[in-house]
Amino acid sequence: VSCEPVTWADGTLRIIDQTRLPRELIYVELPTAASVWDAIKTLQVRGAPAIGVCAAFGVLVGLRETAPATAGDRVRAVHQVADYLGTSRPTAVNLFWALDRMRRVADAADTGDTAEALGAALEREACAILAEDIELGHRIGAAGAALIREGAGVLTHCNAGALATGGAGTALAVIYHAHVAGRRFQVYADETRPLLQGARLTAWELHRAGIPVTLICDNMAAQVMREGRIDLVIVGADRVARNGDAANKIGTYGLAVLARAHGIPFYIAIPSSTLDPALNDGTGIPIEQRAEEEITAPFGYPIAPEGIGVYNPAFDVTPASLITGIITEHGIMDPPFTDSLCQLGTAGTQLSGAVLR
Ligand code: MRU
């Protein structure tokens, strides 16, 4: 684990403020549910698994604030805080998955339980969500590492690294494991307009880990592929439907189209918490719309005239037909994905070898 984006120690929730990277590595405390909501909304903490982990601890923080009197009030308070935190960002299903786990712990509590007993059960669950996420990231990395050959060029988009998760990454976990296995290769990081998660976060993480990383603007990917520099694309995802359609940071779909046009394999790397078993395909994935100023005045500096129209969807959906394989904690899934993803949603820790590479 190269950094700890979300930590919980002695009842204090702390995150790395990712809006300050790469200039400074600053940890901030989140003492209230409102501060957790803001941190998620403003991308101080971001990346689908990290949002889920932070929100799980946010339920604890929020419950502590309200100090409900009876066991029934406590369960209702957990639901209220979870509902509130669920309004922070719509696309990453990990947020709703983690909040549901916290709701279920509250629902299962005994009506005679004390506030301390419920608090302890919720704390165990949030810590388990964090620990499991780190474990799943390492398993994803181990499952995908062989895809990166000696001398390869790997293109990634946004940040699906340690910062986006409990600490092991998803797409970048594959890269870390290939690096630890001793292979030398070159990562190309899309800068990822408009908020530059690739430039600010992925380049920072990889450079810090001693992995060669070359930054490109998003609109250079086609040229870089035609020059033969890219052997595979690996990205993360925020929500994957049962057929394999995958929502990820805006620009991912375009990369998948470019990869297909150049005959380059295109992989997504996800833990099972990123699967939405309720969706048959990607048409039902909610796409977050974000503020116009992120495009017209990124980081506070105006770069476009006032009064113009702006459209700022934060995610797009890559159709399963453009995805070569899905790297999960259980192994690499080949298309068609529906059978293997349905098993991933229900199987817990075991998947039949028939659906895995
Ligand atoms: O808006 P962000 O920075 O939260 O978007 C994050 C991404 O798109 C990541 O690629 C995705 O959450 C996968 S993280 C393992």
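The values are calculated or read from the model by the stated rules, or taken from the named source; none is laboratory data. Please read all numbers here as calculations on a predicted model, not as lab measurements. Neighbour counts are summed over all protein chains in view; Cβ atoms, including those assigned to glycine, are modelled from backbone coordinates with ideal geometry.
Miscellaneous remarks
- Options Ile140, Ile175, Ile129; residue that is crowded, with 20+ Cβ neighbours inside 10 Å, of a type in the set (A, V, I, L, M, F, W, C), touching a residue at least 60 places away in the same chain (Cβ under 8 Å) and closer than 23 Å to Arg357 by Cα: Ile140
- If you go through region 152-187 and pick out every residue that is among the small types (Gly, Ala, Ser) and under 26 Å from Asn219 (Cα atoms), you end up with 9.
- The residue list Ala160, Ala164, Ala145 contains one member that is small (Gly, Ala, Ser) and away from the ligand (no atom under 11 Å from the Cβ), which is Ala145.
- Yes/no for Gly300 being more than 18 Å from the chain's Cα centre (by Cα), away from the ligand (no atom under 16 Å from the Cβ), at pLDDT below 95 and of a type outside the set (Ser, Thr, Tyr): yes
- Within region 255-275, not a single residue is on the phi > 0 side of the Ramachandran plot and touching a Leu at 6+ places or on another chain (Cβ under 9 Å).
- Within region 272-289, the residues that satisfy the criterion of being hydrophobic (A, V, I, L, M, F, W, C) and surrounded by 13 or more Cβ atoms within 10 Å (Cβ to Cβ) are Leu275, Leu279, Ile285, Ile287.
- Unique match (being within 13 Å of the ligand (Cβ to nearest atom), modelled with pLDDT of 95 or more and among the aliphatic types (A, V, I, L, M)) among Leu201, Leu206: Leu201
- In the set Glu150, Glu116, Glu135, only one residue is assigned to a loop (DSSP other than H, G, I, E, B), over 22 Å from Gly86 (Cβ atoms) and acidic (Asp, Glu); that residue is Glu150.
- As for region 30-43, it holds no residue that is within 14 Å of Asp133 (Cβ to Cβ) and in contact with a Phe, Trp or Tyr (Cβ under 9 Å, 6 or more places away or on another chain).
- Exclusive hit being under 18 Å from Phe266 (Cβ atoms) and either among the β-branched types (Val, Ile, Thr) or modelled with pLDDT under 95 (or both), set Leu356, Leu341: Leu341
- Meets criteria (buried (at least 21 other Cβ atoms within 10 Å of the Cβ), closer than 27 Å to Ile270 by Cβ and within 14 Å of the ligand (Cβ to nearest atom)) for Ala48: yes
- Exclusive hit being touching a residue at least 24 places away in the same chain (Cβ under 8 Å), part of a loop (DSSP other than H, G, I, E, B) and within 22 Å of the chain's Cα centre (by Cα), set Arg103, Arg89: Arg89
- Set Thr42, Thr87, Thr111: member being under 22 Å from Asn248 (Cβ atoms), loosely packed, with under 15 Cβ neighbours inside 10 Å and more than 13 Å from the ligand (Cβ to nearest atom): Thr87
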